[in-house]
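> First the structure, then my questions, so here it is.
The values are calculated or read from the model by the stated rules, or taken from the named source; none is laboratory data. Fair warning: this is a prediction, and the values are worked out from it, not measured in the lab. Note: areas computed on protein heavy atoms with side chains; ligands, DNA, RNA excluded. Shrake-Rupley method; radii C 1.70, N 1.55, O 1.52, S 1.80 Å.
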Amino acid sequence: MRTEREVNEAIDRYADLVRRICFVRLKTREDSEDVFQTVFLKYLLYRGEFFSPEHEKAWFVRVTLNACKDWLRSLSRRQTLPLEVLAEEAAGMETEDRDLLAVVLSLPEKYRDVIYLHYYEGYSAVEIGKLLGRSENTVYTWLSRARAALKDKLGGDWP
C-alpha cells in the first residue's frame, strides 16, 4: 500500500491524464470522476514497484482504460435485460402482446434496442444514448425509424 504522500504526488502528476482519458471514453463528467477515484484507489492499493516514470505513466493509462471499460460494462449489465430473456418470458403473455413483441424483435438490432429500452424499460433518449454510446440525436433518429417500421408492419396501429 502506498503512502498518502505518494498518492498525492501521483495525483499531481497524472490527474489531468486520467481525467482526459476518462472523459473521452465515458463522455460524462460524473462517470469520469467515479472512474478517476477508482484509478487512484487502485494506485493506493497497488503493491508493485515502477521501474521508471514512463512505466508508472503507462500503468496509469492502462488501468484507466480498463476501469473505463469495466464501468461501461457494468452500466450495461445493471440497466438492461437481454432481449432473448424477454422472448422467453413472452410465452406467458397475451397473444396480442406476444405478437407485438415478435414484431419488435424482428426489427434490426439498433432499432430493436432503442424501442425495447424506451418502451419496455422506460429510458429516455438521453439515457439510451449513454447506454449505447451514441448521441441523443442518433437515438431520436433510430426511434423515429423504428416507429415507422413498426407502423408499416402493424398496419398503422403503432403510436
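> Go through region 34-48 residue by residue and turn each phi into a ³J(HN,Hα) via Karplus (6.51, -1.76, 1.60, θ = phi - 60°); whole Hz please, and just put x for glycine and proline.
Each residue of region 34-48 in turn: 5, 5, 3, 4, 4, 4, 6, 5, 4, 5, 4, 8, 5, 9, x Hz.
> Okay, moving on. Separation of region 114-139 and region 1-29 by C-alpha centroid, Å?
After rounding, the separation between the Cα centres reads 30 Å.
> Applying the Karplus parametrisation 6.51 cos²θ - 1.76 cosθ + 1.60 with θ = phi - 60° to the phi angles of region 51-64, what ³J(HN,Hα) value in whole Hz is obtained for each residue in order, glycine and proline being reported as x?
Coupling constants for region 51-64: 7, 7, x, 5, 5, 5, 5, 4, 4, 4, 4, 5, 5, 5 Hz.
> Could I ask something else about it? Order 140, 119, most accessible first, counting only protein heavy atoms with a 1.4 angstrom probe. Before the final figure, lay out the partial values.
On the way: 140 115, 119 90 Å².
Listed by decreasing accessible area, they come as 140, 119.
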